[in-house]
Structure formats: structure tokens, C-alpha cells
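Data first, discussion second: the structure below is written as C-alpha cells.
All of the numbers you see were taken from the coordinates with simple rules; none came from a lab. Keep in mind that what you see is a predicted model, and the values were worked out from it rather than measured. Don't worry about glycine lacking a Cβ; one is built from the backbone with ideal geometry, like all the others, and counts go over all protein chains shown.
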Amino acid sequence: MRRTLRTLCGLALAGSVLAGTASTASAQENPYERGPDPTENSIEATRGPFAVSQTSVSSLVVTGFGGGTIYYPTSTAEGTFGAVAVSPGFTATQSSIAWIGPRLASQGFVVITIDTLTVLDQPDSRGDQLLAALDYLTQRSSVRGRIDASRLAVSGHSMGGGGSLEATETRPSLQASVPLAPWNADKTWSSVRTPTFIIGGESDSVASVSSHSIPFYQSIPAASEKAYMELDGASHFFPNTPNTTMAKYLISWMKRFVDNDTRYEQFLCPPPNDSDIEEYRHTCPHV
């Protein structure tokens, strides 16, 4: 049964505002804003406002990760885009998280879903591979001209989610991270400075929220901007099939912190009341 959402209020979202831009600036003054004004329907849709193309990346032409698939907006009429690398979990391949690629790209991002060097790679290796994939995207890929290399983010499932935490610790310049049902033997992430949204499943028996997601969330400093969402009754494998609730908050977090787009803050603060959210914690000031 869904319990009352618990919220932890903290610091304002000051760190996410574009440097040199006053906090009172309107959305029209944000050079990274992409797409029309968002609505609940637009962020819940299986496809956003941008038409998307894709291209495969062979493991033979990259170093540091196992290849993957790039999804990208076909039009650059609005300018360049932020980029996101997404890792699968232990024993899985990119096919297990493939649906995330076009869904996120259609909202105005370049996305690469990766294969890892081996399916048994641990979180620290997956973190390095996420960064290698971002470096490939911005430096060597066929879509590098579509990407703003200063606006990069990571996500991943299970050990890929644990790898997302590893990546943000290694490269604090990342703009956002969304670990999904994350698993990591390391429970302390006090050095993480990247805005991080952890999404866990209430019924996860592989990476239980009490042993993984919640300790991860609690260890990240509030000054870094963070949120934790627990999906009601969800198992460890909720990221492996299209999940509207997961997608809408993944999109909102990436838009808010990669694109500095305050139009999406309305979906994060005050806390959401979706019927399938068991618990929500955050550092929002707007409650």
C-alpha cells in the first residue's frame, strides 16, 4: 500500500543555474532550453517533440567500452544538445535498457546506450565505461557536432546505476546522474557533487533500497542537489521495460540540470503525487 510521501527539504537549487545568469532570468533567456513548454502529458508520452534517428557503434571502433547505439534528434534548428550515456546492469546488454534511448532523445538529448566490455563488469568499471562513451560521443562520434560537450550526464541500471555514481565521483563536471535500482558495494558517496536522482523499487530483492538506494541517497551531500524516488511494488527489473513514471522523472531531472531548464522544476518540486510512488525525498525549497 502506498504510504504518505516523505520529503526532506534542504538547500535551494542555486548550483544548477547557468553561471553568469541571474536566478530570476526567464526561461526565454536560457540558451540551453529546448522544445516547447512541458506538460504532464508531454513528459509521459512515449515520444517527445523531437524526431529521432539512431546509429550503431561497433565495439571495434571504440576504446574503453563495448560499443552501443546512439539516439539523437534529427534537427539541429534549436542548436546543440546535452548528451547522456546509459549503462545496463550485471550480465545484461544494452538491449535491456534500449527503450530509454529514443524516449530520452526525443525530448532533446543525444543518448548512447552502451554495451560493457564484459557482462560481468563491476560498477567501478562501468563508471569508467560511461565516461569513455561520453568522450567518444563528444570527440569522435558522427554526431559530435550536435553535442554541447559541457552538458553531459550519466544513467544506468543496477551495477550500471552503481557505475553512474562512480562516474560522478570521478568526473564532478557532469551535470546530472540518474541511477536506476543501483547496486554498489560502496555505500558512501560524500564526495559526489553532481545533481543525482536515485530511483529504486520497493520490492527489489537484488539491490534492496534499504541496503543500496537509500544509503546512497543519504550519503550524498544536500548541497549537491539530490532526490530519491521509490516506486510502489517495483522489482529490481523495472528499468528493463518502458516505465512511464521512471521516464517522466528521468526526463525532468535531465532537463532541469543538463539544460538548466527551470520549466521542468514544477515536476520535481513540490514532490510528485503519482499513485505508484511509494516515497520521495528531495532537497527542493519549493514545498
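Structure notes:
- For residue 277, the residues whose amide H sits under 5 Å from its own are 232, ignoring neighbours fewer than 5 places away on the same chain, with H placed 1.01 Å from N.
- Signed unit charges on C-beta, dipole axis of the chain, positive-most listed residue 280, 89, 209: 89
- Rounded FRET efficiency, nearest 0.05, which uses the C-beta distance separating residue 144 from residue 211 and R0 of 45 Å: 0.70
- Between residue 76 and residue 203, the contour length at 0.36 nm per residue exceeds the Cα-Cα span by 41.6 nm.
- Per-peptide average of other Cβ atoms within 10 Å, ordering 92-98, 82-88 highest first: 82-88, 92-98
- Taking packing as the residue-averaged number of other Cβ atoms within 10 angstrom, the listed peptides 45-52, 126-133 run from highest to lowest as 126-133, 45-52.
- Highest average packing first - 102-108, 182-188, Cβ atoms within 10 Å: 102-108, 182-188
- Euclidean distance between Cα centres, the range 238-279 to the range 65-124, Å: 18 Å
- Potential lengthening of the chain between residue 223 and residue 58 amounts to 55.5 nm, from the contour at 0.36 nm per residue minus the alpha-carbon distance.
- Residue by residue, the range 78-86 carries 3J(HN,Hα) couplings of 8, x, 7, 10, x, 10, 10, 10, 10 Hz when phi is fed to the Karplus relation 6.51 cos²θ - 1.76 cosθ + 1.60 (θ = phi - 60°); x denotes Gly or Pro.
- DSSP bridge analysis restricted to the chain gives an antiparallel fraction near 40%, rounded to the nearest 5.
- Each Lys and Arg adds +1 at its Cβ and each Asp and Glu adds -1 at its Cβ; summed about the Cα centre, the chain shows a dipole of about 300 debye.
- A crude spin-label estimate for the pair residue 244 and residue 41, with each label 7 Å from Cα along the Cβ direction, gives 1.3 nm.
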